[in-house]
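S.K.: I have a structure I would like to understand better, so I am pasting it below and will then ask my questions one at a time.
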Amino acid sequence: MTIIELPFRATTEQACGWLAKQTGTPWTLALMLEHGLTPYVWLEYDADYPALFGDANGGYAAPIFFEDDTRRLATGSEDVLITITKDAYKIVTQLPPPGFRRALHELRFLKKDLEHLVKKLKREAEPAKVEEARESQVGISKEEVLIAFSSLVKIDLEQALASGGGIFGDEGARIKGSGKKTKSKFMWNPITLALGLNDVYRVPMSHLKKSFNTHAFLDTWAAEWDHTLALLGK
């Protein structure tokens, strides 16, 4: 199958076909999930769940990211079961048991996510230059830290960063020497931070990997992140 143009929300078949064309290898739903892609389903407005839809009276695209839900899809389920998603305002919400069921053909993948994955795969296919990348990197800002990691922890991550500490003792994940004049200029090493979140707050490594695969501002850290995980056997 030849995909001429990838739609904004691609079906599983379209996404697999486009990825195969870009990478030269076959793709499946399970493989896309393994690479951290988030599937969505369109939820038509349901008056029985007003809090879920808010002002989105025409419905909205709900993400499927809960590990149990994606594992079920990856193992070959006959339909989609969503037990936890985000509401129309992007707030994580647990759905009333047993959850919402939808047909497999209703799954959609965002064009920007697919394009980002291809860029990542092509970058990884090139010879790793971890040391060079490390030298060119300074850190990520507080705002970027919150975008990438705040939804993964139960603590007030913004408050923890604002305290000026390294979160994990001494300098910790904070870049030494950053923010000499003002705390607003503090920079953070996302790899040290992610490993600390996994060790101290038990954030699943799969969720942390997904953050590095999702956010463009972490692209320059991806090679070192993958290298670090390889050294740790993860």
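S.K.: Within the stretch 87-117, which residues are under 15 Å from the mean Cα position of the chain (by Cα) and over 23 Å from G58 (Cβ atoms)?
M.R.: Matches in the stretch 87-117: L114, E115, H116, L117.
S.K.: Here's a follow-up. So which residues in the stretch 189-200 are modelled with pLDDT of 85 or more and either open to solvent by 70 Å² or more (accessible area, probe 1.4 Å) or of a type outside the set (G, A, S) (or both)?
M.R.: N189, P190, I191, T192, L193, L195, L197, N198, D199, listed by residue number.
S.K.: In addition: Only one of S206, S211 is hydroxyl-bearing (S, T, Y) and either under 16 Å from D113 (Cα atoms) or modelled with pLDDT under 85 (or both); which?
M.R.: Matching residue, one of S206, S211: S211.
S.K.: Right, something else. For the stretch 201-218, give me the residue count where each residue is open to solvent by 40 Å² or more (accessible area, probe 1.4 Å) and assigned to a helix (DSSP H, G or I).
M.R.: Counting residues in the stretch 201-218 that are open to solvent by 40 Å² or more (accessible area, probe 1.4 Å) and assigned to a helix (DSSP H, G or I) gives 7.
S.K.: Check every one of the strands (runs of 3 or more DSSP E) wholly within the stretch 1-89 and list those with 3 or more residues that are in contact (Cβ under 8 Å) with a residue 24 or more places away in the chain.
M.R.: Hits in the stretch 1-89: 39-43, 60-63, 79-82.
S.K.: Separate question: Could you count how many residues in the stretch 148-159 are in a helix (DSSP H, G or I) and surrounded by 15 or more Cβ atoms within 10 Å (Cβ to Cβ)?
M.R.: Of the residues in the stretch 148-159, 5 are in a helix (DSSP H, G or I) and surrounded by 15 or more Cβ atoms within 10 Å (Cβ to Cβ).
S.K.: Do you know which residues across the stretch 214-231 are touching a residue at least 40 places away in the same chain (Cβ under 8 Å), farther than 16 Å from D113 by Cα and out of contact with any strand residue (DSSP E or B) (no Cβ under 9 Å at 6 or more places or on another chain)?
M.R.: T220, A223, E224, D226, H227
S.K.: Going by what's in this entry, would Y40 be described as open to solvent by less than 40 Å² (accessible area, probe 1.4 Å) and aromatic (F, W, Y)?
M.R.: No.
The values are calculated or read from the model by the stated rules, or taken from the named source; none is laboratory data. Since the model is a prediction, treat every value here as computed from it, not as a measurement. Neighbour counts run over all protein chains shown; Cβ positions are idealised from the backbone, glycine included. Accessible surface areas use protein heavy atoms only, side chains included; no ligands, DNA or RNA. Shrake-Rupley method; radii C 1.70, N 1.55, O 1.52, S 1.80 Å.
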